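The values are calculated or read from the model by the stated rules, or taken from the named source; none is laboratory data. Nothing here was measured: the structure is a model prediction, and the numbers come from that model. A quick note on method: Cβ atoms are made from the backbone with ideal geometry, for glycine too, and the neighbour counts reach across all protein chains shown. To get the accessible areas, we keep the full protein, side chains included, count just its heavy atoms, and leave off ligands, DNA and RNA. Shrake-Rupley method; radii C 1.70, N 1.55, O 1.52, S 1.80 Å.
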Amino acid sequence: MIVETKAVELYYGKKQVLRDICFAALEKKVTALIGPSGCGKSSFLRCLNRMNDRIPGFRMNGEIKVNGINPYAKGTDLLKLRREVGMLFQKPNPFASTIYENIALAPRLHYGLKGEKLDEVIEDSLRKAALWHEVKDEYRKKSALELSGGQQQRLCLARMLAVQPQILLMDEPCSALDPIASAKVEELIVELARDYTVLIVTHNLQQAHRVSDVTAFFMLGELIELGPTNPMFEGPDQKMTQDYLQGRFG
């Protein structure tokens, strides 16, 4: 297991957000986290690379292992953790600079890359994000803010890939995109799982069914069911999962 949790509980102040989460994500597979709004999916996702740390009142109990290492252990190198566990957010957040500089910043800072080696990483990242052929003639001069919403999201994906992560966390990456742009991102998710472990939070059940190998259903801060996607969608073990998948609530 590349990601594994045992008895994880999460609090924001006095409010308990997660209860006894025992979870595992397989290497180089896509795991979809589904469930109604406010059920704890995104909070759980952010636990894995400690993106909750700055939220007032945050505290966590239980055990998390990422690549066999506890990210909450004393002395954890957060820069290294976030290189290995990248994150793509709901809305694209490109920097107000060129496409090239958006991607170049992190490899320069983390690895000291420059010149041809940096250029190679940037081109490779844009290719992996299926953006290279759309921007190759102007990516050194064109502002990232001039790109469409779908292109900006793929740029943010390229920016994440440039630091060579092993695990990709995606928090509703298509929620701000139109159907055509969403379809491109979905295709990328499936392709990226050949080389990366992907965890995606989504409210779109059809999307979860299309892109994921494994699905985790959350409800009221609890992990109700975790298993292979097709069998779960065809005949879940838990009635609550069945009710959610059939649209009876959520």
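Quick one: Karplus J couplings for region 192-204, per residue in order, coefficients 6.51, -1.76, 1.60, θ = phi - 60°, nearest Hz, x for Gly and Pro?
5, 5, 5, 10, 10, 8, 10, 10, 10, 8, 8, 8, 8
What accessible area per residue, rounded to a whole number of Å², is obtained for region 1-66 using a probe radius of 1.4 Å?
On the way: 3010 Å² over 66 residues.
So region 1-66 comes to 46 Å² accessible per residue, rounded to a whole number.
Using only the heavy atoms of the protein chains and a 1.4 Å probe, how would Phe217, Phe249 rank by accessible area, largest first? Each step should come with its number before you reach the end.
Values: Phe217 0, Phe249 65 Å².
I get Phe249, Phe217, largest accessible area first.
For the chain, what is the percent of antiparallel DSSP beta bridges, rounded to the nearest 5? List each step's numbers first, then the result.
Working: 23 of 40 bridges.
Antiparallel: roughly 60 percent of the beta bridges in the chain.
Per residue of the chain, what 222 nm ellipticity follows from adding -39500 (n - 2.57) for every DSSP H run with n ≥ 4, rounded to the nearest 500?
Values: 10 runs with 92 residues, N = 250.
Helices in the chain give a 222 nm mean residue ellipticity of -10500 deg cm²/dmol.
Ordering Ser182, Ser37, Ser175 by accessible area with a probe of 1.4 Å, largest first, what comes out?
Ser37, Ser175, Ser182
Using alpha carbon centroids, what distance separates region 66-101 and region 2-33, in Å?
Each part's Cα centre sits 18 Å from the other's.
To the nearest 20 debye, what charge dipole does the chain have about its Cα centre, counting +1 at the Cβ of each Lys and Arg and -1 at the Cβ of each Asp and Glu? Walk me through the numbers before you get to the answer.
Numbers: 33 positive and 31 negative charges, 164 e Å.
Taking the Cα centre of the chain as origin, the dipole is about 780 debye.
Once amide H atoms are built 1.01 Å from N in the peptide plane, which residues 5 or more positions from Gln166, or in another chain, come under 5 Å H to H?
Correct list: Val85, Gly86.
Quick one: of Lys29/Lys142; Lys80/Lys128; Lys65/Lys136, which pairs are farther than 31 Å apart, Cα to Cα? Walk me through the intermediate numbers first.
Numbers: Lys29/Lys142 35 Å; Lys80/Lys128 22 Å; Lys65/Lys136 39 Å.
Exceeds cut-off: Lys29/Lys142; Lys65/Lys136.
At a 1.4 Å probe radius, carbon and sulfur cover how many percent of the accessible area of region 1-141?
Values: 3790 of 7560 Å².
Reported share for carbon and sulfur atoms: 50 percent.
So what J values fall out for region 13-29 if you push phi through Karplus, 6.51 cos²θ - 1.76 cosθ + 1.60 with θ = phi - 60°, rounded to Hz, Gly and Pro as x?
x, 8, 7, 8, 9, 10, 10, 6, 7, 10, 9, 8, 10, 7, 5, 6, 10
GNM, the chain, Cα, under 10 Å: largest mean-square fluctuation among Cys174, Cys156, Cys22?
In the Gaussian network model the winner is Cys22.
Distance from the Cα centre of region 174-188 to that of region 195-250, in angstrom?
That distance is 19 Å.
Pick the calculated semi-axes √(5λ) of the Cα gyration tensor in Å for this structure from [x] 27, 21, 17; [y] 31, 22, 15; [z] 38, 18, 15?
It is the value labelled [y].
Per residue, how large is the accessible surface of region 96-229? Use a 1.4 angstrom probe and give square angstrom.
Details: 6020 Å² over 134 residues.
For region 96-229, the solvent-accessible area averages 45 Å² per residue.
Mind listing which trypsin sites (Lys or Arg not before Pro) in region 195-250 are in a DSSP loop and have 14 or fewer other Cβ atoms within 10 Å? Please report the intermediate quantities before stating the final value.
Working: sites: Arg210, Lys239, Arg248; in loops: Arg248.
Passing sites in region 195-250 are Arg248.
Using amide H atoms built in the peptide plane, which far-off residues or other-chain residues are under 5 Å from Met219 H to H?
Sorted by chain and number, the residues that satisfy this are Ile224.
Which of these, Lys142, Lys65, Lys15, has the largest mean-square fluctuation under a Gaussian network model of the chain (Cα springs below 10 Å)?
Checking each option, the largest mean-square fluctuation is seen for Lys15.
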